[in-house]
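One structure is given here, and the rest of the page talks about it.
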Amino acid sequence: MYAWSRATQDDFFRNIKGDKKVHARAVKAGAEMRTYVQKLIREKRAKLAKDPNSEDTVLARMLKEDEGRIERLTDERLIILTSGMLIGAGETTQAAVVKSLSELLDRPEQLKGAIQAARENNDEQLAKYVWETLRFQPVNQVLPRFAETDYLLANGTPRETRIKKGSLVLAATQAAMFDENAVSRPNCWFTLIYAEAHARREQCLPWLLRGIKMNSP
């Protein structure tokens with residue numbers, strides 16, 4: 001599984017020049033992973049049908065929670081979700097943990113707050129500390145992506161840019177999270193920003209860590 005994860009990540013995140021050998025290894029790993037996950041889903045579904053409490057894994061939970069849905073997850077969607085975890089959970093989680101702890105260890109007050117949230121089982125508050133540490137030290141500062149279609153970025157603004165289909169795009173997410181035009185005092189830790197924003201009922205702190213923009217409540 002680690003070999004599959006490494007091969008696909010090498011192509012997704014590090015193959016900026018489009019090396020065909022790197023891409024071929026990723027395609028091969030993806031095909032092998034798909035075959036394995038397809039078989040695993042069939043086996044787990046049969047096992048849970050006999051005894052719903054026989055297993056408590058992420059895949060088992062998805063399969064059990066799906067039973068009561070009106071619109072159930074297709075096997076194709078389950079394959080994508082499970083493969084996504086196999087690809088992204090290992091290296092990404094390890095890097096996120098190390099970077100988050102590194103940032104907290106340099107900030108005694110924030111470390112104290114994160115420890116308190118953990119001891120109180122306050123997942124929501126602890127998550128804010130984790131996301132904010134990763135704003136300062138993200139797993140990836142820049143994300144290489146290819147444009148699948150022609151796209152007009154920032155349409156109607158002074159920075160409007162036309163991106164042609166097939167172009168290599170470097171999304172500088174860390175720089176965006178420190179853009180003073182979008183973030184109030186970006187170098188301040190979120191606790192100060194949140195307190196002031198909450199008083200004004202504003203949403204002010206974008207987190208661009210999972211491919212989507214996450215605003216503070």
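The values are calculated or read from the model by the stated rules, or taken from the named source; none is laboratory data. Source: prediction; values computed, not measured. Positions of Cβ are backbone-derived with ideal geometry, glycine not excepted, and every protein chain shown enters the neighbour counts.
Okay, residues lined up against (1) among the small types (Gly, Ala, Ser); (2) farther than 23 Å from Met1 by Cα; (3) surrounded by fewer than 16 Cβ atoms within 10 Å (Cβ to Cβ); (4) modelled with pLDDT of 90 or more:
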| position | (1), (2), (3), (4) |
| --- | --- |
| Val37 | no, no, no, yes |
| Ser54 | yes, yes, yes, yes |
| Glu65 | no, yes, yes, no |
| Ala89 | yes, no, yes, no |
| Val98 | no, no, yes, yes |
| Glu103 | no, yes, no, yes |
| Gln110 | no, yes, no, yes |
| Trp131 | no, yes, no, no |
* Top-ranked residue in segment 112-129 [being touching a helix residue (DSSP H, G or I) at 6+ places or on another chain (Cβ under 7 Å) and not aliphatic (A, V, I, L, M); ranked as modelled with the highest pLDDT] -> Gly113
* Would you tally the residues in segment 142-186 being in contact with a Leu (Cβ under 9 Å, 6 or more places away or on another chain) and basic (Lys, Arg)? => 4
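For segment 143-169, give me the residue count where each residue is without any contact (Cβ under 8 Å) to a residue 60 or more places away in the chain and in contact with a Lys or Arg (Cβ under 8 Å, 6 or more places away or on another chain).
Start the filter on segment 143-169 by keeping residues that are without any contact (Cβ under 8 Å) to a residue 60 or more places away in the chain, which leaves 145-167, 169.
Among the residues that remain, those that are also in contact with a Lys or Arg (Cβ under 8 Å, 6 or more places away or on another chain) are: 147-153, 169.
The qualifying residues number 8.
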* Asked: Hey, any hits in segment 17-29 for a residue that's over 30 Å from Ala172 (Cβ atoms), surrounded by 11 or more Cβ atoms within 10 Å (Cβ to Cβ) and at pLDDT 95 or above?
  -> yes
* Structure fact -> Per the filter on segment 2-39, residues outside any helix (DSSP H, G or I) and either more than 23 Å from the chain's Cα centre (by Cα) or on the phi > 0 side of the Ramachandran plot (or both) are Lys17, Gly18, Asp19
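Restricting attention to segment 70-92, which residues are out of contact with any Asp or Glu (no Cβ under 9 Å at 6 or more places or on another chain) and not in a helix (DSSP H, G or I)? Break it down stepwise before answering.
First, pick out the residues of segment 70-92 that are out of contact with any Asp or Glu (no Cβ under 9 Å at 6 or more places or on another chain): 70-71, 74-77, 79-92.
Of everything in segment 70-92, those that are out of contact with any Asp or Glu (no Cβ under 9 Å at 6 or more places or on another chain) and not in a helix (DSSP H, G or I) turn out to be Ile70, Glu71, Thr74.
Return the total of residues in segment 151-172 being part of a loop (DSSP other than H, G, I, E, B), closer than 26 Å to Gly18 by Cβ and of a type in the set (D, E, K, R).
At the first step, the residues of segment 151-172 found to be part of a loop (DSSP other than H, G, I, E, B) are 154-160, 164-167, 172.
Those left that are additionally closer than 26 Å to Gly18 by Cβ: 164-167, 172.
Imposing the further condition that a residue be of a type in the set (D, E, K, R) reduces the set to 164-165.
Total satisfying the criteria: 2.
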